[in-house]
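First up is the structure itself, then whatever we jot down about it.
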Amino acid sequence: MDTNRRSNLVIGLLLLLVGGWFLAGQFFPQMLDILQFDYQWPLIVVGVGLFFLIMAVLLRAPGMAVPASIIGGIGGLLYYQNSTGDWESWAYAWTLIPGFVGVGVLLLHLLEGKLWRGLKEGVGLMLLSLFMFGIFSGFLGGPEVFSRLWPLFLIGAGIWMLLKGRRSSRRAPATEIITKEQ
């Protein structure tokens, strides 16, 4: 069975199940009370992300892991904000989105059987995201620990840039090597 037919089958079955659940809820409202949509609605967003991840595995389409991670991560943020009422955290919580992309890239390469490549590409994005989260939450009202320590993230970034510059200056660019050989 090709990927297109499998995806139609999986999506069709999912739509039948969800539609059946809501139809039954029209006749038996207590069924819908189990989910408490008034308070738990962000879990729908998390569920969509989980659905994308399941589709990535079932359809052997690892590229779907990236949007799955982004959607699921944003759903997690919405769940936190809806539970705590801390909607102001969007001022700095958006910095976690590159980290969600990093998780997706890691999962993508893991599903392709390229763990080391996934670690190399995904962890970098996650660290960048944590770095930005530390700085932005530090001066935009985030967790208390960051309000005092956010300058450490700037110092760490400066050290990293110095080390990166030193390491890359040791290597000659490929165009320079080619020119010398001619």
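Rule-based calculations on the coordinates, nothing more; no lab input. Because the structure is predicted, anything quoted here is derived from the model rather than measured. Here the Cβ is made from the backbone with ideal geometry for all residues, glycine too, and neighbour counts use every protein chain on show.
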Quiz item: Given the Cα-Cα distance of Ile34 and Leu154 and 0.36 nm per residue of separation, how much length would full extension add, in nm?
Solution: 38.5 nm
Quiz item: Which of these values of percent of Cα pairs over 24 Å apart was calculated from the structure shown: (i) 36; (ii) 30; (iii) 58?
Solution: (iii)
Quiz item: Which order do peptides 72-84, 8-20, 130-142 fall in by mean Cβ count within 10 Å, highest first?
Solution: 130-142, 72-84, 8-20
Exercise. Place +1 on the Cβ of every Lys and Arg and -1 on the Cβ of every Asp and Glu in segment 35-181, take the dipole about the Cα centre, and give the residue among Gly141, Val66, Leu125 whose Cα lies farthest towards its positive end.
Key: Leu125
Self-check item: Whole-Å semi-axes of the ellipsoid equivalent to segment 53-161 (Cα gyration tensor, √5λ, descending)
Solution: 28, 20, 7
Quiz item: To the nearest 10 degrees, how steeply does helix 115-139 sit against the main Cα axis of the chain, on a 0 to 90 scale?
Solution: 90
Quiz prompt | Estimated dipole of segment 35-181 in Debye, rounded to 20 [Cβ of Lys and Arg +1, of Asp and Glu -1, Cα centre] | solution = 860
Exercise. Work out which trypsin sites (Lys or Arg not before Pro) in the chain are exposed loop sites (DSSP not H, G, I, E or B, at most 16 other Cβ within 10 Å) and give the longest gap free of them.
Key: 1-59
Quiz item: How far is helix 65-84 tilted, in degrees, relative to the longest principal axis of the Cα atoms in the chain, given as a value from 0 to 90 rounded to the nearest 10?
Solution: 70
Quiz prompt | Relative contact order computed over segment 35-181 (Cα-Cα under 8 Å; 6+ residues apart), in percent | solution = 17
